[in-house]
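Below: the structure, in structure tokens.
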Amino acid sequence: MDEVAAGARARLDVEAAGDGGPLLVRLGGELDLAGLPDVLPALDRLLGMPPQPVRIDAGDLRFLDSTGVAVLIRIANHFDRVELVHSTPAVRRVVLALGLAPHLGLDGD
């Protein structure tokens, strides 16, 4: 996957599934208070979409703090069904410690 854009701390990309599957949201970089401005425009567009199943690929997300957790919760609260996949150990620890695994559909990877 591409590195986070030069100068950006965080990335949020949205891709429609061509096969009728869930909407794919890719997160990357460091999703914290300093990185929030990098993802806000894409997050606003994402949350403007109608509720539908969403798969969040967190494979390139190196770090998240409470701001990043809030982004995940906003996505999960907006969409019908959310599945968090390819989470890094750091992201997995935070999600599990906060008891959010069932809410975020944390996979077994």
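Bear in mind these aren't lab numbers, they're just calculated from the coordinates by the rules spelled out. All values derive from a computational prediction rather than experimental measurement. Neighbour counts run over all protein chains shown; Cβ positions are idealised from the backbone, glycine included.
Computed quantities for the displayed model
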| quantity | calculated |
| --- | --- |
| Close pairs (6 angstrom Cβ cut-off, 6 or more residues apart or separate chains): farther than 19 Å from ALA70 by Cα in the stretch 11-37, of a type outside the set (A, V, I, L, M) anywhere | PRO22/PRO53; PRO22/ARG55; LEU23/GLN52 |
| Residue within the stretch 60-82 that is in contact (Cβ under 8 Å) with a residue 60 or more places away in the chain, part of a strand (DSSP E or B) and not small (Gly, Ala, Ser) present | no |
